[in-house]
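To keep things clear, I will list the structure first and then write my remarks on it.
The values are calculated or read from the model by the stated rules, or taken from the named source; none is laboratory data. Remember, it's a predicted structure, so these values are computed and weren't measured experimentally. A quick note on method: Cβ atoms are made from the backbone with ideal geometry, for glycine too, and the neighbour counts reach across all protein chains shown. Areas reflect the complete protein model, heavy atoms only, side chains present, ligands, DNA and RNA absent. Shrake-Rupley method; radii C 1.70, N 1.55, O 1.52, S 1.80 Å.
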Amino acid sequence: MATAALTLGLILPVIHFSWALKTDTTFSVLTGISDLLQGGHVFIGLIILFFSVIFPVTKILSLYALWFLPLPAASRETPLKWLEFLGKWSMLDVFVVGILVGTLDLGILSEATPQVGAYVFTLAILLSMTATRRQSRWARRAAAAAPVPARPSIAVPLLAVAALFLLAAGLERPLLKIDKWIFWRNEYSVLGGTAMMFREGHALLAVIVAGFVIAAPIVQAAGAVGLWAFGRSRRAHGWIMAVLRHVGRWAMADVFALGLAVVLTKLNGVVNVATQPGLWLFVAGALLVSAVSWSLTAPPASRA
């Protein structure tokens, strides 16, 4: 199912642009990458090509190989952990669509509307992440149980609290200010953009952003604090680590932050875009909460 959804998600239109003084345009994931490359934005185009096309396809093929090849469970565990750890970055193009929908609402001048391909592509990524999770869980059960790690140092909750403050400020404050001529202006914040998508009838896209970019990273940071506070209890330690591992797969503030960089590139020359202090607060919070989570839950080999 993930294979079919990914194929459709790559070729179906994901976003439609309406312009007052230009011909309307519709892009799929593949045509959007082509447009970036042809427009000279090679680096950004290659980033989206890797995370939205090459990596998802490679991941699904790897899952087939790991499932059908006669490998011992211990040999499957490390590659599956890496596939889980990196899988969320395939959502990059979905967040680009979500940000564009929020930023290009400039009255009659321009409008961006999500298309069916965005939702099919999202389904494909979530299905592949779920499949990876199920295989990884099976491999862990078949392999020897890992020892319970020690209680984290005091630096972990301090960094997690700092990440919470930065994220809260970055979510609420404007990240970008967009204007065209002197008549159309818009300020984009994550909370404001998500609320706007709900009001405009794009509820599913708003739920995706609210869940993966707002709720999950906050739970992730709060879990890191809880791990330090209650980690002396083996039972509490195991429960909180399970929550951190599970939520960490779906917390995507760092992916969203990269999506903002992609949007800045896409809008260059189309409208006037100015970064706001909220952008740097959000990026700092996203990177910090990701670093804290990675230090607690990343594959052991990556910490060596």
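Quick notes on this one:
- Residue that is modelled with the highest pLDDT [pool: residues in segment 57-66 that are surrounded by 13 or more Cβ atoms within 10 Å (Cβ to Cβ) and more than 14 Å from Met129 (Cβ to Cβ)]: Val57
Residue-by-condition table, conditions (1) touching a Lys or Arg at 6+ places or on another chain (Cβ under 6 Å); (2) part of a helix (DSSP H, G or I); (3) of a type in the set (D, E, K, R):
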residue	(1), (2), (3)
Ala206	no, yes, no
Ala215	no, yes, no
Val219	no, yes, no
Arg235	no, yes, yes
Ile240	no, yes, no
Leu244	no, yes, no
Ala251	no, no, no
Asp254	no, yes, yes
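Table: residues versus (1) open to solvent by 70 Å² or more (accessible area, probe 1.4 Å); (2) β-branched (Val, Ile, Thr); (3) within 18 Å of the chain's Cα centre (by Cα); (4) at pLDDT 70 or above.
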| site | (1), (2), (3), (4) |
| --- | --- |
| Ser34 | no, no, no, yes |
| His41 | no, no, no, yes |
| Ile47 | no, yes, yes, yes |
| Leu69 | yes, no, no, no |
| Ser75 | no, no, no, no |
| Pro79 | no, no, no, no |
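- Count of segment 251-264 residues, restricted to those that are more than 14 Å from Val94 (Cβ to Cβ) and open to solvent by 30 Å² or more (accessible area, probe 1.4 Å), is 2.
- Residue match in segment 178-199 (condition: under 21 Å from Leu126 (Cβ atoms) and surrounded by fewer than 19 Cβ atoms within 10 Å (Cβ to Cβ)): yes
- Residue check for Leu205: touching an Asp or Glu at 6+ places or on another chain (Cβ under 9 Å) and aliphatic (A, V, I, L, M): no
- Filter result for Ala224 (open to solvent by 10 Å² or more (accessible area, probe 1.4 Å) and assigned to a helix (DSSP H, G or I)): no
- Test for Ile208: is it over 19 Å from Trp89 (Cβ atoms), buried (at least 18 other Cβ atoms within 10 Å of the Cβ), of a type outside the set (Phe, Trp, Tyr) and out of contact with any strand residue (DSSP E or B) (no Cβ under 9 Å at 6 or more places or on another chain): no
- Counted residues, segment 81-101 - those being at pLDDT below 80 and open to solvent by less than 10 Å² (accessible area, probe 1.4 Å): 1
- Contact annotation: residue pairs with Cβ atoms under 8 Å, 6 or more positions apart or on different chains, pairing a residue in segment 231-242 that is without any contact (Cβ under 8 Å) to a residue 24 or more places away in the chain with a partner that is open to solvent by 20 Å² or more (accessible area, probe 1.4 Å), are Ala236/Phe230; Ile240/Phe230.
- The single residue among Leu279, Leu267 that is open to solvent by less than 20 Å² (accessible area, probe 1.4 Å), out of contact with any Phe, Trp or Tyr (no Cβ under 8 Å at 6 or more places or on another chain) and at pLDDT 90 or above turns out to be Leu279.
- When the test is whether a residue is open to solvent by 10 Å² or more (accessible area, probe 1.4 Å) and either of a type outside the set (A, V, I, L, M) or modelled with pLDDT of 80 or more (or both), Ala274 passes it.
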